[in-house]
Amino acid sequence: MIVLVTGAAGFIGFHTSLRLLAEGHTVVGIDNRNPYYDPALKQARVDILTAKPGYTDVVGDIADLETLKSLFATHKPEVVINLAAQAGVRYSVENPFAYVSSNLVGFVNILECCRHGGVKHLVYASTSSVFGANQSMPFAESQGTAHPMSLYAATKKSNEVMAHSYSHLFGLPTTGLRFFTVYGPWGRPDMALFKFTKAILAGQPIDVFNHGQMTRDFTYVDDIVEGVVRVAANPAAADPAWRADVENPDPSRSGIAPYRVFNIGGGSPVPLMTYINTLEACLGRSAQLNLLPMQPGDVPATAADTSALREAVGYAPGTPVSVGVARFVEWYRAYFKV
């Protein structure tokens, strides 16, 4: 199978591409290598991918429609896994236009190319951030997501809505995946685990928001990839049991379009301080805590209901934080030689 992975030089895109190549698929990866974080880390990931048979590397931006059209015409992907996006809740407060370009313009370009390219299934990254002000946990896909707390979350919610329209109008099977706080080897330097590790090893304090009173449904990257690959192999279909004539129709599925949305989360929310303590144990060092108030756009807790994913593809994440953090630390020390 020919699979296009967008954002292939990114954290999840890299791991997903490796898995697909290991399964014998042909993978075309596109990434714009933007400098949101260290391009050298992205290039190191790409160097690993390009050494594998069956991988084609394309440097390009999904917001550039002509580049994307040329890629589809040349490589004719059968399945598209769209992981390219401007990520980060906090950065969306500082640079909103980056999110409009990648997450909105880029996503409609993907939809158009899938529509005209005869793609059998579009799988795309959404985020747990779409749950926003919702405080009914664990978060289930059937719950409302009308109150995002950041522009990042709003753009991802928009992706879900846009995908439904294309599924309905053009019969394009689409599946959105709401990732919950992904971590692991080759992770992003802007995320907490990476920043905490770097600071602790340097003997510097770490910024801990909401005075540490936060809980996250941390999800190990290999668990995310397992979910992505299984979902990609099972194209979305219209649900004949879906009802539109009820007060709150389930927004995660549709009776009029081949459309689905799933949570992918660890399923066992962990207090932030427990996460930090686990990291301290793996590093053999104590952290200096700089306790700060909550940042704009952030939420105090997340928790994923993954029963729908388990029912659909027979899988739900389960790697414990103790294992995942240890693997990250092992990679970090080897990569940075510390």
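The values are calculated or read from the model by the stated rules, or taken from the named source; none is laboratory data. For clarity, every value in this text was computed on a predicted model and none was experimentally measured. For neighbour counting, all protein chains shown are included, and Cβ atoms are generated from backbone atoms with ideal geometry for every residue, glycine included. Accessible surface is based on the protein model in full, side chains and every heavy atom, while ligands, DNA and RNA are left aside. Shrake-Rupley method; radii C 1.70, N 1.55, O 1.52, S 1.80 Å.
Once the stretch 191-244 is narrowed to residues that are outside any strand (DSSP E or B) and among the aromatic types (Phe, Trp, Tyr), the residue that is farthest from ALA87 (Cα to Cα) is TRP242. VAL108 fulfils the conditions (1) surrounded by fewer than 21 Cβ atoms within 10 Å (Cβ to Cβ); (2) in contact (Cβ under 8 Å) with a residue 24 or more places away in the chain; (3) within 29 Å of LYS195 (Cα to Cα) except for a single criterion, (3). Would you check if GLY187 is touching an Asp or Glu at 6+ places or on another chain (Cβ under 6 Å) and either surrounded by 14 or more Cβ atoms within 10 Å (Cβ to Cβ) or outside any loop (DSSP other than H, G, I, E, B) (or both)? So GLY187 fails the test.
State which residue is nearest to GLY13 (Cα to Cα) when the search covers only the stretch 32-66 and only residues that are open to solvent by 30 Å² or more (accessible area, probe 1.4 Å), in contact with a helix residue (DSSP H, G or I) (Cβ under 9 Å, 6 or more places away or on another chain) and hydroxyl-bearing (Ser, Thr, Tyr). Among residues in the stretch 32-66 that are open to solvent by 30 Å² or more (accessible area, probe 1.4 Å), in contact with a helix residue (DSSP H, G or I) (Cβ under 9 Å, 6 or more places away or on another chain) and hydroxyl-bearing (Ser, Thr, Tyr), the one nearest to GLY13 (Cα to Cα) is THR56.
Answer with yes or no whether VAL5 is more than 28 Å from LEU151 (Cα to Cα) and buried (at least 17 other Cβ atoms within 10 Å of the Cβ). Answer is no for this residue.
The set of residues in the stretch 168-183 being of a type in the set (Ser, Thr, Tyr) and out of contact with any Lys or Arg (no Cβ under 9 Å at 6 or more places or on another chain) consists of TYR183 alone. Considering the conditions (1) aromatic (Phe, Trp, Tyr); (2) closer than 26 Å to ILE256 by Cα; (3) open to solvent by 10 Å² or more (accessible area, probe 1.4 Å), TYR124 is excluded by exactly one of them, (3).
To keep it simple, each residue is scored yes or no on (1) closer than 21 Å to PHE107 by Cβ; (2) in contact with a strand residue (DSSP E or B) (Cβ under 8 Å, 6 or more places away or on another chain).
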residue	(1), (2)
GLY10	yes, yes
LYS42	yes, yes
ARG45	no, no
LEU49	no, yes
GLY54	no, yes
VAL58	yes, yes
ASP64	yes, no
LEU71	yes, yes
PRO77	yes, yes
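Taken together, the residues in the stretch 285-330 that are farther than 29 Å from PHE139 by Cα, open to solvent by less than 30 Å² (accessible area, probe 1.4 Å) and assigned to a helix (DSSP H, G or I) amount to 1.
Yes or no: LEU21 touching a Lys or Arg at 6+ places or on another chain (Cβ under 7 Å), assigned to a helix (DSSP H, G or I) and surrounded by fewer than 22 Cβ atoms within 10 Å (Cβ to Cβ)? So LEU21 fits the description; yes.
The condition of being farther than 22 Å from ALA233 by Cα, polar (S, T, N, Q) and modelled with pLDDT of 95 or more holds for only one of SER150, SER158, that being SER158.
Against the test of being over 23 Å from ARG90 (Cα atoms) and touching a residue at least 24 places away in the same chain (Cβ under 8 Å), the options SER150, SER165, SER142, SER158 yield a single qualifying residue, SER142. Just one of the numbered conditions (1) without any contact (Cβ under 8 Å) to a residue 12 or more places away in the chain; (2) of a type outside the set (Lys, Arg); (3) open to solvent by less than 60 Å² (accessible area, probe 1.4 Å) is not true of ALA334; which one? Condition not satisfied by ALA334: (3).
Among the residues making up the stretch 298-319, those that are among the β-branched types (Val, Ile, Thr) and over 16 Å from GLY132 (Cβ atoms) are THR306, VAL313, THR319. Among the residues of the stretch 245-261, those identified as out of contact with any Gly (no Cβ under 9 Å at 6 or more places or on another chain) and either open to solvent by 50 Å² or more (accessible area, probe 1.4 Å) or modelled with pLDDT under 95 (or both) are ASP245, VAL246, GLU247, ASP250, ARG253, ILE256. Close contacts from the stretch 35-54, counting a first residue that is at positive phi and at pLDDT 95 or above and a second that is of a type in the set (A, V, I, L, M) and in a helix (DSSP H, G or I), with Cβ to Cβ under 8 Å and a gap of 6+ residues or different chains, come to GLY54/LEU21. Number of residues in the stretch 213-228 that are open to solvent by less than 70 Å² (accessible area, probe 1.4 Å), within 13 Å of the chain's Cα centre (by Cα) and not polar (S, T, N, Q): the value is 9.
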